[in-house]
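Input: a single structure, listed below in structure tokens.
The values are calculated or read from the model by the stated rules, or taken from the named source; none is laboratory data. Quantities reported herein were computed from a predicted structural model and do not represent experimental measurements. We place every Cβ from the backbone using ideal geometry, glycine too, and count neighbours over all the protein chains shown.
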Amino acid sequence: GFVSSWLSATKYAPGDLATDFDLSALRQLSVTAWEYRDLSVVSITPVDGSDFVNVVVAANIKELSVTDSDDTSTTSWPRRYFQVAIAVNGDTVRAVGLPAQISAPVQGETTSLVYKQTIGSSDPSAETVSAFLGAYLAGSGDLSRYSAPDTSFVAISPAPYVMVNVEEMRSDLTPTESPSDGDTLKVLATVSLLSPLDQQVTSTYTLTLTARASRWEVSAIDLAPQAVSDKGSTTPTPTPSGNGN
């Protein structure tokens, strides 16, 4: 990305920055590239009344701190934030100007979610979620067995994990023992994952379950958790399918 090119560019090796920006407009480039890691997009905000989009990117930047008392130095990797103006023209985008460092965005208030009911691992809905995620993430079983009709979920391939374990599952409603056709359940599953290299990570998945023939099936991998709202949900409409590639 543009911020990556900007941080990596040096006087003698401008790299991709030369293709994105007129280097003659720059006063000078550093002889040594900035070292960074964990670069990620924080926000993308359209600018009202224009064709511009404000993009905020964060990265951990290697910095050196010097202590005046004993002239010793220490290395740290603080999280730094940069904003870039992007011009959007149809299907094309282009950076306008160079990145500018800004302070960390202010954190918003905690959002209250609808998942208030804890579901035991032996509940049929939990069994569906466990089997679905196992097939989706680890290739264990037939994904279509746990998917609602008219969905087109595709298991991630090659499978990134060898073990998927649902540690906790919460839902918006208490599921009935024999759900009626068309009943829906919003669930938030916390899962522990193990890679073939014995690496562990914890993730959360928000799913929509729909009942058919007295059993639960996954009808959507939701785009976002379901928030509590007096005016109804403000979360995006879930997709009826998931593409793992």
(Q) Going by what's in this entry, would residue 130 be described as surrounded by 14 or more Cβ atoms within 10 Å (Cβ to Cβ) and not in a strand (DSSP E or B)? (A) yes
Q. Residue 179 versus (1) touching a Pro at 6+ places or on another chain (Cβ under 9 Å); (2) over 30 Å from residue 215 (Cβ atoms): which is the lone unmet condition?
A. (2)
Q. On the given criteria, is residue 131 of a type outside the set (S, T, N, Q) and touching a Gly at 6+ places or on another chain (Cβ under 8 Å)?
A. yes
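Yes or no, residue by residue, for (1) outside the structural domain of residue 41 (by TED's automatic domain parsing); (2) within 29 Å of residue 42 (Cβ to Cβ); (3) in a loop (DSSP other than H, G, I, E, B):
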position: 97; (1), (2), (3): no, yes, no
position: 144; (1), (2), (3): yes, no, no
position: 149; (1), (2), (3): yes, no, yes
position: 175; (1), (2), (3): yes, no, yes
position: 181; (1), (2), (3): yes, no, yes
position: 191; (1), (2), (3): yes, yes, no
position: 202; (1), (2), (3): yes, yes, no
position: 207; (1), (2), (3): yes, yes, no
Q. Quick one: in the range 101-124, which of the residues that are surrounded by 12 or more Cβ atoms within 10 Å (Cβ to Cβ), in contact (Cβ under 8 Å) with a residue 60 or more places away in the chain and hydroxyl-bearing (Ser, Thr, Tyr) is farthest from residue 36 (Cα to Cα)?
A. 115
Q | Flag if residue 155 is under 20 Å from the mean Cα position of the chain (by Cα), part of a loop (DSSP other than H, G, I, E, B), closer than 17 Å to residue 132 by Cβ and at pLDDT 95 or above | A | yes
Q) Considering only residues of the range 48-74 that are modelled with pLDDT of 90 or more and of a type in the set (Val, Ile, Thr), which is nearest to residue 9 (Cα to Cα)? A) 61
(Q) Just checking, does the range 35-52 include any residue being more than 21 Å from residue 90 (Cβ to Cβ) and in a helix (DSSP H, G or I)? (A) no
Q: State whether the residues of the range 87-98 include one that is farther than 18 Å from residue 8 by Cβ, of a type in the set (S, T, N, Q) and at pLDDT 90 or above.
A: no
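Here is a yes/no grid of residues against (1) surrounded by 12 or more Cβ atoms within 10 Å (Cβ to Cβ); (2) of a type in the set (A, V, I, L, M, F, W, C):
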{"residue": "33", "(1), (2)": "yes, yes"}
{"residue": "38", "(1), (2)": "no, no"}
{"residue": "43", "(1), (2)": "yes, no"}
{"residue": "50", "(1), (2)": "no, no"}
{"residue": "54", "(1), (2)": "yes, no"}
{"residue": "64", "(1), (2)": "no, yes"}
{"residue": "88", "(1), (2)": "yes, yes"}
{"residue": "99", "(1), (2)": "yes, no"}
Q.
Checking the conditions here, which among 198, 230 is among the charged types (D, E, K, R), within 23 Å of the chain's Cα centre (by Cα) and modelled with pLDDT under 95?
A. 198
(Q) Can you list residue pairs whose Cβ atoms sit under 8 Å apart, with the first residue in the range 6-18 being assigned by TED's automatic domain parsing to the domain that holds residue 58 and the second being of a type in the set (Val, Ile, Thr) and modelled with pLDDT of 80 or more? Count only pairs 6 or more apart in sequence or on different chains. (A) 7/61; 10/31; 10/32; 11/31; 12/31
